[in-house]
């Protein structure tokens, strides 16, 4: 990903912002290039390909939940795709910066995988695909891939409710067959809960937890996807892609 095009576009924008004049201050202060706007937010990209969102007009829109303290880094894949693909109408090189369709993506059910004709923008950002966790968050009934489920279980535990936390504790104790577990089995309630869990199946239980996370807390779950292949990284703070090897260790946070 070359930044030469960005630098040329950035300098030109500062000299001739046109209708974007009101965003020059932000562009100059944060060294970002405004590339796309919707009715309430404006998107910009920096020289490293990181997309940022800033409040343009306070209309109480859906993005307020995701980026409550703008300007903020855009981490939702469909929002990033929307910004870059819309910006590519002015700066064609941004299409490459949008990255590839990831191997775990699903066709967007809203546009049939084709995006919407101008001037409309689909929920997928006109990419034609959705990351599986975002498809589920939007109400699609698809199974979550194992690597996505593992990511959510490992990094979304703060969103467990009391019932889920207790069931996980029982499953963990059951796996170790500790003395505490044997004592718990003498408790009618614990034994009943564990029996129900085993009957339901661990995979079904874990899937249900992840789906609830996405339905209720998508705006709080940072899904760190690679800028090049859009594959899901191992952790929210990872700086190298597990799938394509792309790394961004030299990029300032």
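For residue 234, indicate whether it is at pLDDT 90 or above and surrounded by fewer than 17 Cβ atoms within 10 Å (Cβ to Cβ).
Working: at pLDDT 90 or above: yes; surrounded by fewer than 17 Cβ atoms within 10 Å (Cβ to Cβ): yes.
In short, yes.
Which of the residues spanning region 55-76 are crowded, with 20+ Cβ neighbours inside 10 Å and farther than 27 Å from residue 8 by Cβ?
Filtering region 55-76 for residues crowded, with 20+ Cβ neighbours inside 10 Å gives 63, 67, 74, 76.
Passing the criteria: 63, 67, 76.
Just give me the residues in region 21-54 being surrounded by fewer than 17 Cβ atoms within 10 Å (Cβ to Cβ) and part of a helix (DSSP H, G or I), in sequence order.
Scanning region 21-54 gives 21, 22, 24, 25, 28, 29, 30.
Could you list, in sequence order, all residues of region 90-111 that are more than 29 Å from residue 144 (Cβ to Cβ) and free of Cβ contacts under 8 Å to residues at least 24 places away in the same chain?
Across region 90-111, the qualifying residue is only 92.
Conditions: (1) free of Cβ contacts under 8 Å to residues at least 60 places away in the same chain; (2) crowded, with 18+ Cβ neighbours inside 10 Å; (3) out of contact with any strand residue (DSSP E or B) (no Cβ under 6 Å at 6 or more places or on another chain). Residue 117 meets all but one. Number of the miss?
Condition (2) is where residue 117 drops out.
Could you check region 93-110 and list, in sequence order, the residues that are part of a helix (DSSP H, G or I) and surrounded by 16 or more Cβ atoms within 10 Å (Cβ to Cβ)?
Step one: filter region 93-110 for residues part of a helix (DSSP H, G or I), giving 94-97.
Those that are part of a helix (DSSP H, G or I) and surrounded by 16 or more Cβ atoms within 10 Å (Cβ to Cβ): 94, 97.
Taking residue 9, is it surrounded by 14 or more Cβ atoms within 10 Å (Cβ to Cβ), part of a helix (DSSP H, G or I), assigned by TED's automatic domain parsing to the domain that holds residue 62 and free of Cβ contacts under 8 Å to residues at least 60 places away in the same chain? Break it down stepwise before answering.
Numbers: surrounded by 14 or more Cβ atoms within 10 Å (Cβ to Cβ): yes; part of a helix (DSSP H, G or I): yes; assigned by TED's automatic domain parsing to the domain that holds residue 62: yes; free of Cβ contacts under 8 Å to residues at least 60 places away in the same chain: no.
Considered against the rule, which asks whether it is surrounded by 14 or more Cβ atoms within 10 Å (Cβ to Cβ), part of a helix (DSSP H, G or I), assigned by TED's automatic domain parsing to the domain that holds residue 62 and free of Cβ contacts under 8 Å to residues at least 60 places away in the same chain, residue 9 comes out as no.
The values are calculated or read from the model by the stated rules, or taken from the named source; none is laboratory data. Since we're looking at a predicted model, the values are computed, not measured. Ideal geometry is used to build each Cβ from the backbone, glycine not excepted, and the neighbour counts take in all protein chains shown.
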